[in-house]
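One structure below.
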Amino acid sequence: MRKLMHCTMLLLFLFGCFTNINGQQSKTVTGVVLNEKNEPLEGVTVASGKRSTTTSEDGHFQLTLPLSSTKIVFHLVGFDSKNLEIQPEMKVIMTTVKSDVSEIVVVGYGTQKKSTIAGSISSIKGSVIEDQPVTSFDAALTGQAPGVQITSANGVVNNPPVFRIRGTNSISLSSYPLIVIDGVPTFTAENSMSNTDAANNPLSSVNMDDIESINVLKDAAATAIYGSRAANGVVLITTKRGKLGNAKVNYDVWAGIVKPYRMWQAVSGQQMMEIKNEALENAGQADAFFPSYDASGNVISTNWNDYLYRTGYSNNHTVSVSGGTEKTKYYISAGYSNQAGIIRKNGFERKNVRFNLDHRASRILSLGINGSYSNENNTAALSSGSVSGAAFASYGIGRLGISLPTNISPYNLDGSYNINGTALGSGNNTIASNWLNPVVAFDQNKQSTENNHFQGNIYLQVKPIHDIALKTVYGMDYLNIDNSSYTSYLLNTTGGSSSATLNKNKRWVWTSTGEYSHIFGGKHDLDFLVGTEQQYTYYYGFGLSRSAATDDYYTNINGGYGTNASTNTDGNRGENYLVSIFSRLAYTYDKKYILGASYRRDGYSAFAPGKKYGNFWSASVAYDITKENFWHTAGLDKVFGNFRIRSSYGTVGNVSGIGNYASASLYSSTLYNTNAALVFNQAGNPNLTWETSKKFDVGLEFSLFDNVLSTELSYYNNNVDGLILNLTQSASTGLPNSIPTNVGSLYNRGLEASFNVAPKMSGPFTWHTNFNFTYNKNMVTSLDPSLTSITVSTSSLETDNIIKEGYALGMLYLIPTDGVDPATGLRIFLDPDGKKMTYNFLTKQYLYADGTAGTAPTRVMSKNTMPKFYGGWTNNFRYGNFDLNVLVTYQLGFYVYNGSRATGLDNRSAWNNIEEVMNRWQKAGDITVIPKVVAGDNVSNGSANPITQWAEKGDFAKLKNVSLGYNFNNAIFHKIGISNARFYVSAQNLAIVTGYTGPDPEVSSNGNGTGNQGIDKNSVPNARTYTVGLNIGF
C-alpha cells in the first residue's frame, strides 16, 4: 500500500513538472472579431497550425498556442480571410467580399454554394438597405445590382416604384418581377387595390430590419424553376432567423425630416395679373384680373406650395430578440414606423411583428414556423395627381401648385375659407376660378387605405439519411385592404359624401420537395431536387358610397345620408389555381466543370382545356479555369483569384395580369323591364396561353490581385413571343370586348457589368467600392397583322406613347414643332414633309410662310423613353470607428415628356403659369420657345395635344444616399452589457445632375405601366430626406 502511494505521488510530481514545462512553452491569445460596422461576428474560425477555435456570439475568442507560433488566421464565409501577426490581445475587423465562391446563395426552393451555380444571380445583404428611410425594400434596391432598374415615381409616400429586371418584357401584362418571401409568392403593387387618393404598396408590410438577404434571379438557369411566373425575373426575400448562442437584443431607431426639392414655381400675384391680362388683350378682350388686398393693405401674392407641401417628420423603431440552442433557434421582432410625406395629410404608419422558429427534434426530424403580421395605414386628403391614373385629376396637387391663381388668398379677411360655392373664391378677378380651395380639403377631407397583412409558413423536414432531405412547406399570404374616404360638404354641392370598400386577397401555397446531395469519389458533386407545388388565390371585394349627408357632423360611412349606392361589387370576385411539378439538377466535376438543368410543368386555371399546361426548362454550364493544372503552372493563380465562364438557355412564362377567366366567354346579371336577365359581357379566347420568354445568357466572373478587383460581366438576350394583345373586333360581330390573343413579340438584349474594388490597406483606413452598369436594348419585333401600331394614353386622356414594330416600347408620340416664329410669336408646327406652319389660335388656322392654309399636323414617332444605360456606384470608407457610405445612381439614354411644363404654360381661363412664362414672346424679333400668350390657347403650349417641344433628355446622376456613422468602442460598452452601438446621420436624394427642366427625370406618371413610361404629367416632386439613427445591441 505504501509503495502504491509512493508511486502515485511520483507520477503526480512528474505530471506537474511536465505541465509546468509545457506551460512555459505556450501562450494564450485572446481578442474580438468585428465586421465593418464594429458588430461582433459569431462563428469565425480562428486557427494557427493545428489548433483552432471559433468566436462566441459576442465575437470574442481565446486560443492557447505554442510559443513558436507567429501567425494566426481568421476565416468566415462571405468575408475576406485575415492572416495576421499574433498579438496577446487582438481586435480584428473582417470585411465582406462579394466574390467569395464558397458563399451560400439562396436559390429557388433551396440554397447552393456559389461555386456550383451556373446562373445569373445578384445577392444583396439586408444590412445594405436596412437603415434607408423608405417604406418598402423595393424602393431601396436602386443602384444595388446590375440588371435591376428601380425608378422612384415621385414623392407620394408608399407609392410603388417602377421595378424592372433586364427591361420591360410585356405589352399588355405586367413586367413586375415575382416576389417570394420565405418561400411564399406574395402580393405586390399589382394587387394594391387602393380606392382612395392614398398610394399603397403591399411590399411595405416587410420591415427592412427583418431582412437577411435579397437574391435577384435573372437568367433562365436561375428562374426557370418558377416556370410560368418567371419571365420578369424573381426576387427572393429571406428574413432573419435565430443563431446559436445566448439571447441577443437589438434596437434600431431612426428619425428624420423630408422636404420637396426642385419644385415648379408659379408666377407671383402681380406677374399673374400681368400675364393673364396681356393674354386677354391679345385675344381682343378686356382685362379681368385685378389685385386683392390683405388686412394690412398689401397686394395678395399667394405661394400655393406653402399650403400644399410641408416638411414631414418621420420615425422608425425595431426591437428584435434572437438566439438559440443546438436544438431550437428563434428570431422575434416588433416594429413601428410613422412616415409623413411632403404633401400635407399624406402619410404612412406601420405596426408589425415577426417570429421565426426552427427546431431540430432529432437527427432526422426538423420543423419550424415563421410568420409576420403588419397593419399599415396610408392616408391622404386630396388627390396628388401623381399615382397611376391620376395625372389629369382636376384637383391633383401636382397641378394645383402650378395652376392656382396667386393673386387670391385661401382665406377671407375674417379668417374664413375663401370659397364661392364649392370652388375657390375669385377675389377681385372677374373671371371665376373653377379650382377648389385646397386648404378646405386638407382641413375637412380624410382618406385612408388600411392593410392588414399576414404572411407565414410552417415546414417539416425529414432526413432519413445524410444525403436525402424530404421537406414540405405550407404557406399563406392574407391581405385585407380597407378603403375609406370622406369629402366635406364644403366641396360637394349635394353635401358631405363618404365611401368604403373592402378587398380580401387570400393565397395558400403548399410545396413539397425531395433533395439528394452527395459527393462521389471526392470529385463528383451531385445535387438533385424534385418537387410539387399547389397555389390557390382568392379575391373578393365589396363596397358602398353614400352622399347628401343629413348632418355636417357625419364624416364616415356610418352616418346619415340621403342617397346610397353600391360600389366595387361588379367583377371583384375571382379565384385561380396553379399546380406544378418541378426539378433541378446541379453537377460539379472536380470543382471546375459545372452543369445545371431545371424543369417545371405548370397548369393554370385561367386557360381553357387543352391549353392549361405549359413546360418550362433551362440548361446551364460553367467552367472554373483556375482549377486546371496549367493555370498554376503558368503562375496565373498569382494574378487571378478566380476565373469562371458560364452560360445558360431556357424558357419561362408570364401570366401576371391575365384575368382569372380570360379564356372564357361570360354573362353578367342585369334587369330587363324589372325582370332578372343575363347579358353577354365577355368574349373569351379558348386558345389563349402564356407569354413565353426564351432567355440566353453568357457570363464571365474573375478576380485579380488577391481579390482586390472582382468583376462580373454578362450578356443576355431575352426573346419574348406569344405576347397577349387585345384585338379589336368589327362592330358587326356584336362582341362586347376586344379579344386577348397571343400574337406579338419583342426582345430585350443587353450587357451587365459589376466591378468590386477592395484595396488591401494597412492601418485604420479602408475603402471598398462597387460600380455596376447595365445596357439594355428593347425592341418590338411583331404585332398582329391587323395592327400597324398601338397608342397608349396617360390617365385615359392624353395619348403620349406609341408601340410599333421596329421600335422600343412606349416611344413618345408627339406633334412635331420647331420653336416660335420671331416675327409673329406663333408656335411653329411641322407638316408631314417637314415644312413649317404657324398656328393662330384666334383664327384656328395653320398657315405656311407664303400665306397658304395648311392642315392640322399629325403625330410622329419621337423619342425613346426607356433608359439605355443605368446602374449605381457605391463607396464604403472606414477610418477607425468612423464609416462613410455613398451611393450614386444614374440613368442615361432616354427622354421624358415634360407634360407639367405644358400645364404650366396653359392660357385657359384662370389658370396660372410657371415662371418660365415671363420669357414669352412679346414683340417682333424676340427669340424664345414660349409663344405669344393668348387667352384660351391650349394648343400652342401643348396642353391639347403633346408636342415635341417638351420632349427633354432625362439623363441624370443622383447622389442617392450618403451615410456617416460612428461605432462606439466595444470595450467600454461591453462592461455595461452593450455588445455594439452605432450612431449615424444620413441623407437621401441629396443632389442631382441633369439637364431636365422639371423637378426630377426619375418619374413615372403611369406607375408600373409597360407602354407609357417616360411621362411627367402634373406629378409632385421627389422628396429629400435627412435622418439620424442608432443601432444598438445587447
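The values are calculated or read from the model by the stated rules, or taken from the named source; none is laboratory data. Values in this document were obtained by computation on a predicted structure and should not be read as measured data. A quick note on method: Cβ atoms are made from the backbone with ideal geometry, for glycine too, and the neighbour counts reach across all protein chains shown.
Screening ASN748 against (1) more than 30 Å from VAL92 (Cα to Cα); (2) modelled with pLDDT under 95 leaves a single unmet condition, (2).
The condition of being surrounded by fewer than 22 Cβ atoms within 10 Å (Cβ to Cβ), farther than 25 Å from LEU424 by Cα, in contact (Cβ under 8 Å) with a residue 40 or more places away in the chain and of a type outside the set (Ser, Thr, Tyr) holds for only one of ASN885, ASN898, that being ASN885. Only residues that are surrounded by fewer than 17 Cβ atoms within 10 Å (Cβ to Cβ), more than 20 Å from GLU212 (Cβ to Cβ) and among the aliphatic types (A, V, I, L, M) were counted across segment 334-366, and they come to 3.
In this structure, THR588 does not satisfy being surrounded by fewer than 16 Cβ atoms within 10 Å (Cβ to Cβ) and among the hydroxyl-bearing types (Ser, Thr, Tyr).
Scanning segment 794-818 for residues that are over 17 Å from THR948 (Cβ atoms) and of a type in the set (Phe, Trp, Tyr) yields a total of 0. The condition (being in a loop (DSSP other than H, G, I, E, B) and out of contact with any Lys or Arg (no Cβ under 9 Å at 6 or more places or on another chain)) is satisfied by just one residue among VAL933, VAL929: VAL929. Under the condition of being of a type in the set (A, V, I, L, M, F, W, C) and not in a loop (DSSP other than H, G, I, E, B), the residues counted in segment 909-926 number 3. In the set (1) basic (Lys, Arg); (2) surrounded by 21 or more Cβ atoms within 10 Å (Cβ to Cβ); (3) within 19 Å of the chain's Cα centre (by Cα), ARG1024 fails one condition alone, (2).
Could you check segment 683-713 and list, in sequence order, the residues that are buried (at least 19 other Cβ atoms within 10 Å of the Cβ) and of a type outside the set (S, T, N, Q)? Explain how you work it out, then say what you get.
First, the residues of segment 683-713 that are buried (at least 19 other Cβ atoms within 10 Å of the Cβ): 685, 688-693, 695, 697, 699, 701-703, 707, 710, 712.
Selection gives LEU688, TRP690, GLU691, LYS695, ASP697, GLY699, GLU701, PHE702, GLU712.
For segment 294-311, the condition of being modelled with pLDDT of 95 or more, in contact with an Asp or Glu (Cβ under 6 Å, 6 or more places away or on another chain) and in the same structural domain as VAL258 (by TED's automatic domain parsing) holds for none of the residues. Listed here are the strands (runs of 3 or more DSSP E) enclosed by segment 795-874 that have at least 1 residues being surrounded by 20 or more Cβ atoms within 10 Å (Cβ to Cβ) and under 32 Å from the mean Cα position of the chain (by Cα): 798-803, 811-814.
Considering segment 944-1013, the qualifying strands (runs of 3 or more DSSP E), each wholly inside and each with 1 or more residues that are hydroxyl-bearing (Ser, Thr, Tyr) and touching a strand residue (DSSP E or B) at 6+ places or on another chain (Cβ under 7 Å), run over 956-967, 980-994. Looking only at residues of segment 243-253 that are in contact with a Phe, Trp or Tyr (Cβ under 8 Å, 6 or more places away or on another chain) and surrounded by 17 or more Cβ atoms within 10 Å (Cβ to Cβ), we find that the one that is farthest from GLY1033 (Cα to Cα) is LYS248. Is it true that GLY571 is modelled with pLDDT under 90, in a strand (DSSP E or B) and in the same structural domain as ARG646 (by TED's automatic domain parsing)? For GLY571, the condition - modelled with pLDDT under 90, in a strand (DSSP E or B) and in the same structural domain as ARG646 (by TED's automatic domain parsing) - is not met. Filtering segment 424-462 to residues that are crowded, with 16+ Cβ neighbours inside 10 Å and among the small types (Gly, Ala, Ser) leaves GLY425, SER426, GLY427, SER433, ALA441, SER448, GLY456. Taking the numbered list (1) of a type in the set (A, V, I, L, M); (2) buried (at least 20 other Cβ atoms within 10 Å of the Cβ); (3) under 28 Å from SER580 (Cα atoms) in turn, ALA500 passes all entries but (3).
Taken over segment 978-1023, the criterion of being aromatic (Phe, Trp, Tyr) and under 17 Å from ARG901 (Cα atoms) is satisfied by TYR996 alone.
For segment 844-886, which residues satisfy the criterion of being acidic (Asp, Glu) and in contact with a Gly (Cβ under 8 Å, 6 or more places away or on another chain)?
Matches in segment 844-886: ASP883 only.
Only residues that are touching a Phe, Trp or Tyr at 6+ places or on another chain (Cβ under 6 Å) and either under 20 Å from TRP254 (Cα atoms) or of a type in the set (A, V, I, L, M, F, W, C) (or both) were counted in segment 952-977, giving 4. So is ALA981 in the same structural domain as ASN772 (by TED's automatic domain parsing), in contact with a Phe, Trp or Tyr (Cβ under 6 Å, 6 or more places away or on another chain) and closer than 30 Å to ASN250 by Cβ or not? Considered against the rule, which asks whether it is in the same structural domain as ASN772 (by TED's automatic domain parsing), in contact with a Phe, Trp or Tyr (Cβ under 6 Å, 6 or more places away or on another chain) and closer than 30 Å to ASN250 by Cβ, ALA981 comes out as yes.
One residue stands out in segment 406-423 among those that are touching a residue at least 60 places away in the same chain (Cβ under 8 Å) and out of contact with any helix residue (DSSP H, G or I) (no Cβ under 6 Å at 6 or more places or on another chain): the one that is surrounded by the most Cβ atoms within 10 Å (Cβ to Cβ), namely ILE408.
Within segment 236-254, the set of residues being hydroxyl-bearing (Ser, Thr, Tyr) and over 22 Å from ASN457 (Cα atoms) comprises just one member, TYR251.
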